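Asker: Please find one structure pasted underneath; my questions will follow.
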Amino acid sequence: MIIRTPNDDCLLCQKNKATKKNSHIASKFLGKSILGKTGPRKGYILDSSKPHVKPRVFQDSPKESYILCPDCEKYLECLETYVAENFTKRLLNERFNKNFEYKMNEGGVEYAICKNLNNKLFRLFIISLFWRGSISNEEPFTSFNISEQDKLRVVLQESNSTDIQAIKLKKPHANLHEFQIVVMRSKNSHDPTGNFFYANGENDNLYQLILNEYKFFISLESNSALQKFQFLNNVGNTNFIIGLLPDQTWRKLRKGLIDLATKKSLDNAKKMGVKPWNL
Ligand SMILES: [Zn+2]
């Protein structure tokens, strides 16, 4: 565990001092939805690197101090505000039907084409989620590391500004549109008991984050496993496509991940010679 102090440099701009306390790793607004809007605010963290520890209930989304300077924190906040207002609050919301085109492919997969979403801001936001997860030492990101994390940082840094209009106008880094991104959402996320964070980077060059009803994949390589998602794979500067998964598929997916985490926990427990917590 690395202990950071306010005398350390900001991990994003690498110029200013990282004096900002309590930076959200998984975005405040996604954290809110993870923890549910009503009732007891809690979710679960699955961390297979600590098989002997009972899955931790948490009441607030992970935060970390002294990773960013105030300006970089503000920059990431600009991206979050844009995405919260123009994407998460509007997708599958009838009042904003004109912003999305809802379709189904021949295989019965439902998806939404985001007609009024700024591709650059949305990409930068997703890149910032993965970058924050990669630099974080907090659960469940303790063992989540993107080997090419500096590639993400450089792309983020190129558009760094505390002014949303300036971010929009700045010429983006050439790699911004090359990264492959897949975003999926459960169509009706009525199950607040299933809230959890999950981060995985086990496969080569393919990383995934699950933040409550959202699932994000990123790959920095052009010939990656993300190609299997075909039309849901977003490359380039076109309207973003979001996969909409029926609840049943979502539940199956969640069960699959829990099973996988259990298996990894058991394997790790064996390696570590400890008695595993029974998931
Ligand atoms: Zn900074």
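The values are calculated or read from the model by the stated rules, or taken from the named source; none is laboratory data. A quick note: this is a predicted structure, and the numbers were derived from the prediction, not measured. All Cβ positions, even for glycine, are placed from backbone atoms using ideal geometry, and neighbour counts span all protein chains on display.
Asker: For GLU101, state whether it is of a type in the set (Asp, Glu) and outside any strand (DSSP E or B). Please lay out each step first, then the result.
Answerer: Values: of a type in the set (Asp, Glu): yes; outside any strand (DSSP E or B): no.
No: the conditions fail for GLU101.
Asker: To continue, here is another question. Is there any pair with a first residue in region 1-25 that is within 21 Å of VAL154 (Cβ to Cβ) and in a strand (DSSP E or B) and a second that is more than 9 Å from the ligand (Cβ to nearest atom) and at pLDDT below 95 whose Cβ atoms are under 7 Å apart and which are 6 or more apart or on different chains, and what are they?
Answerer: So the pair list comes out as SER23/LYS63; SER23/GLU64.
Asker: Restricting to region 159-188, name every residue that is touching a residue at least 40 places away in the same chain (Cβ under 8 Å) and part of a helix (DSSP H, G or I).
Answerer: ILE164, ILE167, LYS168
Asker: Do you know which of the residues in region 143-159 that are at pLDDT 95 or above and either surrounded by fewer than 16 Cβ atoms within 10 Å (Cβ to Cβ) or more than 17 Å from the chain's Cα centre (by Cα) (or both) is nearest to the ligand (Cβ to nearest atom)?
Answerer: So the residue we want is GLN157.
Asker: Right, PHE96: surrounded by fewer than 17 Cβ atoms within 10 Å (Cβ to Cβ), in a helix (DSSP H, G or I) and away from the ligand (no atom under 16 Å from the Cβ) or not?
Answerer: yes
Asker: Got a sec? Which of LEU91, LEU117, LEU121 is surrounded by 14 or more Cβ atoms within 10 Å (Cβ to Cβ) and at pLDDT below 95?
Answerer: Being surrounded by 14 or more Cβ atoms within 10 Å (Cβ to Cβ) and at pLDDT below 95 holds for just one of LEU91, LEU117, LEU121, which is LEU91.
Asker: Here is a check on your reading of the model: is LEU156 in contact (Cβ under 8 Å) with a residue 40 or more places away in the chain and in a helix (DSSP H, G or I)? Write out each step before concluding.
Answerer: On the way: in contact (Cβ under 8 Å) with a residue 40 or more places away in the chain: yes; in a helix (DSSP H, G or I): yes.
Yes; evaluated as a whole, the condition is true for this residue.
Asker: Condition check: buried (at least 18 other Cβ atoms within 10 Å of the Cβ) and at pLDDT below 90. Does GLU221 satisfy that?
Answerer: Answer is no for this residue.
Asker: Among what's in region 58-93 and is basic (Lys, Arg) and under 22 Å from SER134 (Cα atoms), pick the residue that is farthest from the ligand (Cβ to nearest atom).
Answerer: Only one residue tops the list, namely LYS63.
Asker: Taking the criterion of being modelled with pLDDT of 95 or more, surrounded by fewer than 20 Cβ atoms within 10 Å (Cβ to Cβ) and in a helix (DSSP H, G or I), would at least one residue in region 60-72 satisfy it?
Answerer: Within region 60-72, one or more residues are modelled with pLDDT of 95 or more, surrounded by fewer than 20 Cβ atoms within 10 Å (Cβ to Cβ) and in a helix (DSSP H, G or I).
Asker: Does ASN268 count as in contact (Cβ under 8 Å) with a residue 24 or more places away in the chain and more than 30 Å from PHE100 (Cα to Cα)?
Answerer: yes
Asker: What single numbered condition from (1) at pLDDT below 90; (2) in a loop (DSSP other than H, G, I, E, B) fails to hold for THR238?
Answerer: All conditions are met except number (1).
Each row is one residue, and each column tells you yes or no for (1) closer than 23 Å to PRO62 by Cα; (2) modelled with pLDDT of 95 or more.
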{"position": "SER161", "(1), (2)": "no, yes"}
{"position": "ALA166", "(1), (2)": "no, yes"}
{"position": "ALA174", "(1), (2)": "no, no"}
{"position": "PHE179", "(1), (2)": "no, no"}
{"position": "LYS187", "(1), (2)": "no, no"}
{"position": "PRO192", "(1), (2)": "yes, no"}
{"position": "PHE196", "(1), (2)": "yes, no"}
{"position": "ASN200", "(1), (2)": "yes, no"}
{"position": "ASP204", "(1), (2)": "no, no"}
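Asker: Got a sec? Which of GLU85, GLU77 is more than 22 Å from ASN22 (Cβ to Cβ) and not in a loop (DSSP other than H, G, I, E, B)?
Answerer: The conditions single out GLU85.
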